[in-house]
Amino acid sequence: MIPAILSLVITILVSFQFESQPGSVTFRIVDGETSLPLAGATVFIRESERGGSADEEGMVTLRELPYGRYSFEFRFVGYETSFRVIDIPASEPQPVIVRLEHEHDHLDEITVSTTRTTRSIEDSPTRVEAITLEEIEEKANMRPGDIRMLLAESTGIQVQQTSPVSGSSNFRIQGLDGRYTQLLIDGFPLYDGFSGGLSIMQIPPLDLQQVEIIKGSNSTLYGGGAIAGLVNLISKQPSHHREVSFLANASTSNNLDFSGFYSEKTGNIGVTLFSAYNRNPGYDPSGQGFSAVPEYDRFTLNPKLIWYVNERTHIMAASRITIEDRLGGDMLYINGEDPGGRYFEQHNTRRISTQFSIDHNFSDKTTLTLKNSLSLLDRSIQVPGFLFDGNQTASFSELSVNHKSAYGIWSAGFNLWTDRFDERAGQSTTPQDVQTDIVGAFIQNTASYTEKLSVEAGIRADLVRPEPGNDLNGLFVLPRVSALYRFDSSWSMRLGGGMGYKTPGIFTDDAENRAFRNVAPPDFSTIKAEKSYGLNYDVNFRTVLADRIVFRFNQLLFVTRLDHPLMLMQDGDDVFRFSNMDGFIRSLGSETNVAFIVDPLKLFFGYTHIDASQHQDGFVSRVPLNSPHQINAILMLEEHDSYRLGFEAYYYSPQKLTDSSTGRGYTIFGIMGEKTWGIVTVFANFENIFDTRQTRYGLIYSGTRQNPEFSDIFAPLEGRYVNIGVRIKL
C-alpha cells in the first residue's frame, strides 16, 4: 500500500513540475509569394493577451510559455490572418515558417502600374496613392453612376461643380484647376479637350479594379499636361475565376442606376463586359426652381477582349461607348410645364473610343509594348438663343520598351497625340476649328542604389504643332526626378520634382460655362504655353502599437509654380479672347494622412492645407474656389464578405469667390452600411444627413429666372441624399 501511495505522489509532483516548466517558440513570418520577411507582422496567443512583433528579418520569439497547446494568430496589414495550433514544447524545427497570403482590402502591399515599374506603393520612389477595389465598391454603393465621390473623398482632391444646373464638374489637385490634371484609363488619355467637359460625370466606377493618383508634376511618361498630377483608372482584368455581378440602385434625388459586369478567362481568351444605364428626371430640393441634379439618360458599354497568344505575348482590344442626353435649368422647362422663355442647358454626348495594345516579352527582362487609342466625340451644348455643336477626333499611339538590367528598370518610348475639333455650322461668330499634334519621346530609369536609397529619374521631349508663341520651334524638354530613402523598416521619405507645360486651348471651364458663345480660339502666334515647376516632399511612418494596432502616418509638403496662366477676358467688341497673365500662380501646401487599423475597425483622418495665389503686376490675390482647409475623417467597421458600416465627416473652410467675396464654410456627415448574404449584398447610404447645401444660404442666381446670372458654386446643391440598392455576385 505504501509503495502505491509513494508512486502516486511522485507522479503528481513530476506532472506538476512538467506543466509549470516554461518553453519558447520562434516564428519567421514571410510573404507567401516572395518569401520576403514581413517586418512588423504580429503574432498573438488566442488563449491569452500575449503576443509580439516581427523584426526586420520577420523573426519573433515568444518565451516563458507554460507547456501546453496554444492557438497562434498571425496578422499583417494587407494580408489574410493566419492561425496555427502548436504544442509547447514545440516538436517542429525552429524557426517555424509562417507564410501569409495577400488580402484584398489594404493599401500598403499594392502593385502600381502608372510608374511602369510594377513596384509596390511603399517601394516606389514616386509617391503614388491607390484607391483599391474595396474602396471603389464602397463609393460605388453611394454613387454608382460616376466617379465624383470616388475622387472627392480623397485627401488633397477637391471636386468643383462648374455649372449650377447641368452638374458639370472638374477636380482640383493641390489647388490647381482641373485642366492641369491628366485623366487616364489604363494608361490611355481618353478625356482631353472637348471630351473633358463632362468626363468625371460620365465614367461609372463599377468596372474599375484600382485608381492610381500621382500628385505633382509627372510629365515624363504621360506628357506635359500632368502639371497638378494624374489619375489613372485601372479597369478589371479577366481571370480563370468567372465574375458575374449586377447592381440596382435608387435614391431620394430620383437617381436610378442599373449595371452588369462579366469577366472570365477561358483557355487563351479573356473577356470583360460592362454595361450600365443611369437616369434622373431632374431634381430640385431648394424650391428655387433650378435643377440641382439635371435630367439625364446615359447608356455605357465597355467591352474588352484579351488574346493570350502564348506566355510571352498578349493582345488587347477594347472599346468604351457612352450615349447621354443631359438637360439642366429651370424645372418648369425640364418638366415641360412652361417651355417658353425659360433658361436651360442641353448637353448631348455621343462618345466612342477604342483601345488596342500588344505586349511581347522578349525575355524575363525585356518587354515591348505597342498601344493605340482612337476617340470619336460628337457633342452639342445648347442654351437659350445659342447652339455650340461639333465633333472631336483624338488619337494616341505609343511604342515603348521596358528593360530590367543591373542598373535598374529602364522605360523608354515614343508617342504621338493628335487632336482635331471641327465645329458644325452653327451660331458661333468666331470659327472654332482646332488641331493640335504632339510628338514625344521619353526615357526613365528606376534603380535601387543601396538597400535604403531608390531613385527614379527621367526626361521627356515634346514637339508641339502649332507652335505656342514663347517656345523654340514648339520644343518642350521636361526632366523629372524622385528619390525614396528608408531610414529603417518604419521610417521613410520621398523627394521629387519636375516640370510640365500646357498648350493653349479653347476648352477651359470658363469657356464652357459660356457655352463657347463669342469665345475666340487662342492665337498661337501670340499666346504662350503655360509652364510649371513643382516639388513634393513626404515622410512616412508605420508601426504596430500594442502588438495589434497598425498605425500609419504620411506628411506631404508641395509647391508648384505655373507661369503665364491662360485667362479668358472680354474685349470691347463683346468677344471673349484668351491671353496670358503677366505673372504666375503659386500653389503650396500640405497633406496629412493618419490611419489606425485594428480589425475589424479602421480609422482614417486627413487634412489638406492649400495656399494658392495669383501674382500679377505686383499684386497678390487668392485663386478663387479653393478651400484653404479641408478635413476628412472616416471610421469603418467591416468584415470581408460579411458586413460594412461606415461613418464619414468632411469639412471645407470658406472659399474666395470670383467676385472677391467669400463663401461659407460647411461640414458634411454621412453613414453607410452593407450586409452580404452569400451572393447578395444589400447596401444603404445616408449622405449629407444634415442637408448642407448652398441654396440654404440664399439664392444661387441674380436677375430673373428667365435670364439668370448664376453665382459661384462653393457648396453642395443636392443636399441630403439617401440611396438603397442591391448587388448580386454570381
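The values are calculated or read from the model by the stated rules, or taken from the named source; none is laboratory data. Since the structure is predicted, the reported quantities are computational estimates derived from the model, not experimental observations. For neighbour counting, all protein chains shown are included, and Cβ atoms are generated from backbone atoms with ideal geometry for every residue, glycine included.
Numbers at a glance
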read-out: Strands (runs of 3 or more DSSP E) within segment 633-730 that include 1 or more residues of a type in the set (A, V, I, L, M, F, W, C), free of Cβ contacts under 8 Å to residues at least 60 places away in the same chain and closer than 29 Å to residue 250 by Cβ; value: 643-652, 666-677, 680-687
read-out: Residue within segment 574-591 that is farther than 21 Å from residue 628 by Cα and in contact with a helix residue (DSSP H, G or I) (Cβ under 8 Å, 6 or more places away or on another chain) present; value: yes
read-out: Unmet criterion (only one of (1) modelled with pLDDT under 90; (2) farther than 21 Å from residue 296 by Cα; (3) aliphatic (A, V, I, L, M)) for residue 201; value: (2)
read-out: Residue satisfying condition, being out of contact with any Phe, Trp or Tyr (no Cβ under 7 Å at 6 or more places or on another chain) and under 28 Å from residue 308 (Cα atoms), within set 239, 245; value: 239
read-out: Segment 606-626 - residue that is of a type in the set (S, T, N, Q) and assigned to a strand (DSSP E or B) and, of those, surrounded by the fewest Cβ atoms within 10 Å (Cβ to Cβ); value: 621
read-out: Top-ranked residue of segment 79-92 - restricted to ones that are in contact with a Leu (Cβ under 7 Å, 6 or more places away or on another chain) and of a type outside the set (Phe, Trp, Tyr), ranked as surrounded by the fewest Cβ atoms within 10 Å (Cβ to Cβ); value: 80
read-out: Test: residue in segment 642-658 that is hydrophobic (A, V, I, L, M, F, W, C) and under 23 Å from residue 568 (Cα atoms); value: yes
read-out: Filter result (in a strand (DSSP E or B), closer than 24 Å to residue 463 by Cα and under 24 Å from the mean Cα position of the chain (by Cα)) within segment 502-539; value: 502, 532, 533, 534
read-out: Per-region count, segment 209-221, residues surrounded by fewer than 24 Cβ atoms within 10 Å (Cβ to Cβ) and over 16 Å from residue 156 (Cα atoms); value: 2
read-out: Scan of segment 134-180 for residues that are closer than 21 Å to residue 226 by Cβ and either part of a helix (DSSP H, G or I) or among the aromatic types (Phe, Trp, Tyr) (or both), ordered by number; value: 148, 150, 151, 152, 171, 178, 179, 180
read-out: Residues being over 27 Å from residue 522 (Cα atoms) and buried (at least 19 other Cβ atoms within 10 Å of the Cβ) - total across segment 467-496; value: 6
read-out: Candidate set from segment 362-398 (those that are of a type in the set (Gly, Ala, Ser) and either outside the structural domain of residue 327 (by TED's automatic domain parsing) or assigned to a strand (DSSP E or B) (or both)); member that is surrounded by the fewest Cβ atoms within 10 Å (Cβ to Cβ); value: 397
read-out: Identity of the residue in segment 242-273, within 17 Å of residue 201 (Cβ to Cβ) and not small (Gly, Ala, Ser), that ends up farthest from the chain's Cα centre (by Cα); value: 254
read-out: Residue 476 vs. criteria in the same structural domain as residue 557 (by TED's automatic domain parsing) and more than 23 Å from residue 398 (Cα to Cα); value: no
read-out: Any chance residue 432 is crowded, with 17+ Cβ neighbours inside 10 Å and part of a loop (DSSP other than H, G, I, E, B); value: yes
read-out: Residue 282, sole failed condition from (1) of a type outside the set (S, T, N, Q); (2) assigned to a strand (DSSP E or B); (3) more than 30 Å from residue 703 (Cβ to Cβ); value: (3)
read-out: Counted residues, segment 587-639 - those being of a type in the set (Ser, Thr, Tyr) and over 19 Å from the mean Cα position of the chain (by Cα); value: 4
read-out: The one condition in (1) in contact with a Leu (Cβ under 9 Å, 6 or more places away or on another chain); (2) surrounded by fewer than 16 Cβ atoms within 10 Å (Cβ to Cβ) that residue 661 fails to fulfil; value: (1)
read-out: The one condition in (1) modelled with pLDDT of 90 or more; (2) farther than 30 Å from residue 58 by Cβ that residue 483 fails to fulfil; value: (2)
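Let's see how each residue does on (1) in the same structural domain as residue 138 (by TED's automatic domain parsing); (2) at pLDDT 80 or above; (3) assigned to a loop (DSSP other than H, G, I, E, B); (4) farther than 19 Å from residue 597 by Cα:
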| position | (1), (2), (3), (4) |
| --- | --- |
| 74 | no, yes, no, no |
| 86 | no, yes, no, yes |
| 91 | no, no, yes, yes |
| 94 | no, yes, yes, yes |
| 106 | no, no, yes, no |
| 113 | no, no, yes, yes |
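Yes/no matrix, rows are residues, columns are (1) charged (D, E, K, R); (2) surrounded by fewer than 20 Cβ atoms within 10 Å (Cβ to Cβ); (3) without any contact (Cβ under 8 Å) to a residue 12 or more places away in the chain:
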| residue | (1), (2), (3) |
| --- | --- |
| 502 | yes, no, no |
| 510 | yes, yes, no |
| 514 | yes, yes, no |
| 532 | no, no, no |
| 556 | no, no, no |
| 573 | yes, yes, yes |
| 581 | no, yes, no |
| 588 | no, yes, no |
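This table checks each residue for (1) surrounded by fewer than 20 Cβ atoms within 10 Å (Cβ to Cβ); (2) among the polar types (S, T, N, Q).
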residue: 628; (1), (2): yes, no
residue: 633; (1), (2): yes, no
residue: 645; (1), (2): yes, no
residue: 651; (1), (2): yes, no
residue: 655; (1), (2): no, yes
residue: 682; (1), (2): yes, no
residue: 694; (1), (2): no, yes
residue: 701; (1), (2): yes, no
residue: 718; (1), (2): no, no
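So that you can scan it fast, the table gives a plain yes or no per residue for (1) aromatic (Phe, Trp, Tyr); (2) part of a strand (DSSP E or B); (3) buried (at least 16 other Cβ atoms within 10 Å of the Cβ):
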residue	(1), (2), (3)
278	no, yes, yes
286	no, no, yes
298	no, yes, yes
301	no, yes, no
304	no, yes, yes
310	no, no, no
316	no, yes, yes
322	no, yes, yes
